[in-house]
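Step one of this worksheet: look at the structure below.
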Amino acid sequence: MTVSIVLQFLVVLAAIWMGARSSGIGLGLWGAVGLMVLIGAFGITPTSPPVDVMLIILAVIMAASVMEAAGGIDFLVGIAERIIRANPKYVTIVAPLTTWTFTFLAGTGHIVYPLLPVIYETAHRSGIRPERPMAVATIASQQAITASPVAAATAAMIGMFAEKGMTGWGLREILMICVPATLVGVIAAAIVSMFIGKDLKDDKVYQARLAAGEIPAPQSAAQRPALKPTAKLAAFVFLSGVALVVLFGFFPALRQLPGAKSPLSMPIVIEIIMMSIAAIMLLLTKVAVDDVPKTATLRAGVVAVIGIFGLAWLGDSFISANKDLIVPAIGEWAKVAPWTFAFGLFLASVLLYSQAATTRALMPLGVVLGIPPQFLIGMFPAVNGYFFIPTYGSLIAAINFDLSGTTKIGRYVLNHSFMIPGLVATVVSVATGLLIARMIF
């Protein structure tokens with residue numbers, strides 16, 4: 001490995017580090033700075049930006065944002081609340097399965113935020129250590145992103161396969177492997193979580209704080225605001241769009257146009273369906289168009305697109321410029337043990353805080369290294385390493401919503417409440433995904 005490549009790699013790491021420090025759109029903006037340095041200082045030729053991926057994300061986020069503006073996300077959250085409250089004794093199992101399901105349907109882990117107080121109240125009233133369901137439910141809400149047909153990370157995988165001309169690999173294969181793999185991972189993490197920490201009745205620190213009045217006693221469930229009249233309709237229209245995406249993904253013949261040599265690519269299909277679904281929701285619900293850009297979902301989606309724009313472009317350009325040296329150096333090793341590529345995905349996601357950005361930046365390298373596509377899909381859940389450093393939004397929210405103080409960041413920072421369920425879920429998901437990939441393909 002030459003000095004030039006080492007220096008270029010340090011530039012890439014520095015851009016990621018600076019982006020991670022500023023977070024938000026800073027991830028993408030510093031990616032562009034890193035690319036500018038690579039071009040100016042090392043003379044590398046930039047690749048094309050990941051346009052298809054960004055368009056898919058914008059289309060899906062647009063539909064989800066209209067649904068949120070019409071109250072559809074509130075409707076889905078209400079259903080999730082009833083499921084969780086109906087099974088208080090098993091909240092450590094039910095809560096993560098619920099957050100996984102609703103992230104799978106909505107394509108965004110942000111749906112976990114309004115559920116966190118419900119999970120806390122249910123666990124606390126039942127005498128169950130809130131840390132257990134709170135932490136694993138937060139992890140599950142992100143694991144589902146790598147199994148959702150309408151998530152940005154899945155769009156990145158589909159777009160990557162399409163760009164590489166790997167027409168035989170797409171949404172169908174991703175769902176066949178990642179849906180059962182992430183579900184098994186979440187269930188394993190939930191089971192392990194049931195034994196984390198002391199029960200509240202045996203936790204002397206908790207009992208002392210409760211007796212001193214430092215912790216509010218368990219309260220009855222607060223009433224949620226009334227749903228908008230259009231909430232249910234918006235949710236059903238959006239979910240019908242999700243169903244159509246899955247249908248076209250599983251049956252390529254439905255995408256075959258008369259006289260065409262091959263079916264329409266899934267990126268185009270997803271873009272058309274989700275933009276159309278957004279328009280239909282606007283028509284049927286009569287949501288004010290000006291309300292859509294104000295939604296949290298749209299803001300988060302735009303941040304994701306900017307992050308992918310800068311960081312993925314940076315990663316693609318670096319790999320493309322140096323692939324003749326990088327591939328021979330580690331290619332044989334990856335071919336002998338392709339599962340080791342999952343470590344790279346995990347470590348990158350720790351820094352990038354984005355499953356989609358990690359996927360778009362590193363998965364093309366896996367293709368270049370000759371790792372079979374089914375194994376790349378099996379390793380897809382490894383991009384869920386966001387939890388390793390406990391500064392992600394949903395982690396901080398879970399800590400703040402747990403008034404008992406059991407969900408926390410440890411004295412040594414990394415010994416936090418999310419570490420064990422996060423590692424278990426990720427390791428089991430990847431192992432299961434690789435096993436399914438080997439058995440099916």
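Worth a mention:
- Phi to ³J(HN,Hα) by Karplus 6.51 cos²θ - 1.76 cosθ + 1.60 over the range 168-175, Hz, x for Gly, Pro: x, 10, x, 4, 4, 5, 4, 5
- Estimated at 0.36 nm per residue, the fully extended path between THR167 and ALA226 surpasses their Cα-Cα distance by 16.6 nm.
- The listed peptides 310-316, 357-363, 198-204, 339-345, ordered by packing as a protection proxy, come out as 357-363, 310-316, 339-345, 198-204 (highest mean of other Cβ atoms within 10 Å first).
- Expressed as a whole percent, the accessible area of the chain that falls on carbon and sulfur atoms is 70 (1.4 Å probe).
- GNM top mover of LEU183, LEU254, LEU298 - the chain, alpha-carbon springs below 10 Å: LEU254
- Spatially proximal aspartates and glutamates relative to LYS164 (Cα-Cα < 17 Å; intrachain offsets below 8 disregarded): ASP52, GLU173, ASP316
- Choice from PHE250, PHE309, PHE102 showing the highest fluctuation, given a GNM over the chain with Cα pairs closer than 10 Å: PHE250
- The chain: calculated mean residue ellipticity at 222 nm from DSSP helix runs of at least 4, using -39500 (n - 2.57): -21500 deg cm²/dmol
- Per-peptide packing, taken as the mean over residues of other Cβ atoms within 10 Å, places 86-95, 421-430 in the sequence 421-430, 86-95 from highest down.
- 1.4 Å probe accessible area per residue over the chain, in Å²: 42
- (i) 52; (ii) 56; (iii) 62, with the label sought being that of the calculated percent of Cα pairs over 26 Å apart: (ii)
- Most fluctuating residue given options SER317, SER349, SER48, as computed from a GNM of the chain linking Cα atoms under 10 Å: SER48
- Computed from backbone phi, the HN-Hα couplings of the range 279-290 come to 5, 5, 5, 4, 5, 7, 8, 6, 5, 5, 4, 5 Hz, rounded to whole numbers (Karplus: 6.51 cos²θ - 1.76 cosθ + 1.60, θ = phi - 60°; Gly and Pro given as x).
- Pair SER240, ALA260: separation of 7 Å Cα→Cβ label points (nm): 2.3
- To the nearest ten degrees, helix 116-125 and the longest principal axis of the Cα atoms of the chain are 40 degrees apart.
- For a straight C-alpha distance cut-off of 19 angstrom, the lysines reachable from LYS294 (same-chain residues fewer than eight places away being disregarded) are LYS228, LYS286.
The values are calculated or read from the model by the stated rules, or taken from the named source; none is laboratory data. Quantities reported herein were computed from a predicted structural model and do not represent experimental measurements. Neighbour counts are summed over all protein chains in view; Cβ atoms, including those assigned to glycine, are modelled from backbone coordinates with ideal geometry. Remember, those area values only see protein heavy atoms, side chains included, never the ligands or the DNA or RNA. Shrake-Rupley method; radii C 1.70, N 1.55, O 1.52, S 1.80 Å.
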